[in-house]
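Notes follow the structure.
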Amino acid sequence: MARPGPLLRAFYRAPLVAYRLGLAGREQWIGMHWILIVTRGRRSSREHAVLLDLLGEDASRRRYYVQAAYGREADWVRNIDAHPRFEAQVGTERFAARMESAPEEEARAVMVAYVRAHRFYSPFIARMLGYRGSLRDAQPVADWLVGRFGMLAIVREERL
């Protein structure tokens, strides 16, 4: 999958700017829920921030589910692989975190629920990422997304 050009990259980063301006948590007004991940660069050790769609959460296990559109090759995933402890933020709450792969059955259940809850947004994203199957049912879309990109769990460790 080709990386986005500068215009599309600026569009993707606009919500991050809003988050940094103190609008964290207000994305729920438009039916979205995001998680901010702040990593250290694997080579530079500089701070890098990325805002991801929060696909689901399991409060009892302190887990937040996300996907990387570039899989394990995504820069933020590679940064976490190099520096496993990082900072995350959901709404206005910041916390130390670590990442692990979500088991396939768990990932599929989370993704089906997400696709069903986001009937317009999910198919749009799936098409943008290369999905060409039927959009009538959530299951094939969810199966394709999990099969293609897997799912990661951001695990809350402690409040900052």
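When the stretch 20-62 is filtered for residues that are surrounded by fewer than 18 Cβ atoms within 10 Å (Cβ to Cβ), modelled with pLDDT under 85 and more than 13 Å from the chain's Cα centre (by Cα), the ones remaining, listed by number, are Arg20, Leu21, Gly22, Leu23, Gly25, Arg26, Gln28, Trp29, Ile30, Gly31.
The set of residues in the stretch 117-152 that are within 22 Å of Glu106 (Cβ to Cβ) and among the aliphatic types (A, V, I, L, M) comprises Ala117, Ile125, Ala126, Leu129, Ala138, Val141, Ala142, Leu145, Val146, Met151, Leu152.
The values are calculated or read from the model by the stated rules, or taken from the named source; none is laboratory data. These numbers come from a predicted model, not from an experiment. Every residue, glycine among them, receives a Cβ derived from its backbone with ideal geometry; neighbour counts consider all protein chains shown.
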